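I have placed the structure first, in the form of structure tokens, so that the comments after it can refer back to it.
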Amino acid sequence: MLTKRAAKTFFIAGTVACFGAFILLTIDTVRRVPKQTNAANLNESAIRGKHLWDRNNCMGCHTLFGEGAYYAPELTKVYERRGPTFITAMIKDPERMYPGRRQMVNYGFKDSEIADLVAFLKWAGEVDLNGFPKKPHLAPAQAPGAIPPSNLSKASGATVAAVAPTTFQQTCMACHALGGQGGSVGPALDTIGQRMTKDQLVLWLRDPAAVRPNTQMPKLPLAEADIEQLSTFLAQQKGG
């Protein structure tokens, strides 16, 4: 047994050692913050987006960095998962993206404010959180063109989905399925190339309502380069 004097010495020495370790770990953490948060990438647009995020209490429904509510999707890696096109369209008009379903409030943000929010979410997704949130176990995506167009019809639907353009994987598959992967809001696209030509797909992607006024598909903020790539890819989907 320790004597009273030895116990007191042990307590004081242990407290000093733990306090010292805490100070050293704090210094190390502060030293790592600029690099792990990519502070250099926190531009004025992202900062404005952060203030917009706070003013509108987005964390009342969403979670970011593990903080917030779980009523709506977790958004720490949403930029990587969905990309700027989908995020922009979702914020601009949530009802058009998921008609008739539970959706977020349309805050009526201006285009510049939406761009700021997208910039903030892009920065948030690049922060090094030591593996949080954990990535799901998915088949690795391949680069577009990994399967020659002449072989696309012979490949499995899941394989075709994996080599789809990035915009298709991030945006289109949020609502549509290909090879059994993707959403169910819109129709599956496995045989879209049988129903529509590339030129028809170009017109559809530019403005769906101009082709079919009663369509539920929203007009997405797609660049012409994205429309060209998507229409070429979709025109090749003629089923197995």
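No lab work stands behind these numbers, since they all come straight from the coordinates. From a predicted model like this one, the values you see are computed outputs, not experimental measurements. Neighbour counts run over all protein chains shown; Cβ positions are idealised from the backbone, glycine included.
Table for the structure above
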{"quantity": "Cβ-based charge dipole, the stretch 42-126, positive-most Cα from C58, Y70, I114", "calculated": "Y70"}
{"quantity": "FRET efficiency estimate (nearest 0.05) - Cβ-Cβ, K35 to E95, R0 41 angstrom", "calculated": "0.50"}
{"quantity": "Computed FRET value (nearest 0.05) for D128 with D54, which takes r as the C-beta separation and R₀ as 30 Å", "calculated": "0.85"}
{"quantity": "Full-stretch length increase - K110, K219 - with 0.36 nm per residue and alpha-carbon distance subtracted", "calculated": "37.6 nm"}
{"quantity": "Debye log10 I(q)/I(0) for the stretch 56-116, one point scatterer per Cα, at q = 0.13, 0.15 Å⁻¹", "calculated": "-0.34, -0.46"}
{"quantity": "The chain: angle of helix 78-92 to the longest principal axis, Cα-based, in degrees nearest 10", "calculated": "60 degrees"}
{"quantity": "Per-peptide average of other Cβ atoms within 10 Å, ordering 8-15, 224-231 highest first", "calculated": "224-231, 8-15"}
{"quantity": "Förster radius 22 Å - calculated FRET efficiency between V185 and R212, Cβ distance, rounded to 0.05", "calculated": "0.85"}
{"quantity": "Using alpha-carbon coordinates, inclination of helix 224-235 to the longest axis of the chain, degrees", "calculated": "70 degrees"}
{"quantity": "Segment N43-T15, extension gain: residue separation times 0.36 nm, minus the distance between their alpha carbons", "calculated": "5.9 nm"}
{"quantity": "Tilt relative to the chain, helix 44-55 - C-alpha long axis, 0 to 90 degrees, to 10", "calculated": "80 degrees"}
{"quantity": "Contour minus Cα-Cα distance for A72 and R5 (0.36 nm per residue)", "calculated": "18.4 nm"}
{"quantity": "Ellipticity estimate at 222 nm from DSSP helix runs (n ≥ 4, -39,500 (n - 2.57)) divided over the chain, nearest 500", "calculated": "-15000 deg cm²/dmol"}
{"quantity": "Sequence-separation-based contact order of the chain, relative, with Cα cut under 8 Å and 6+ spacing, percent", "calculated": "17 percent"}
{"quantity": "At 0.692 mPa s and 37 °C, Stokes D of the chain from Kirkwood alpha-carbon radius, µm² per second", "calculated": "156 µm²/s"}
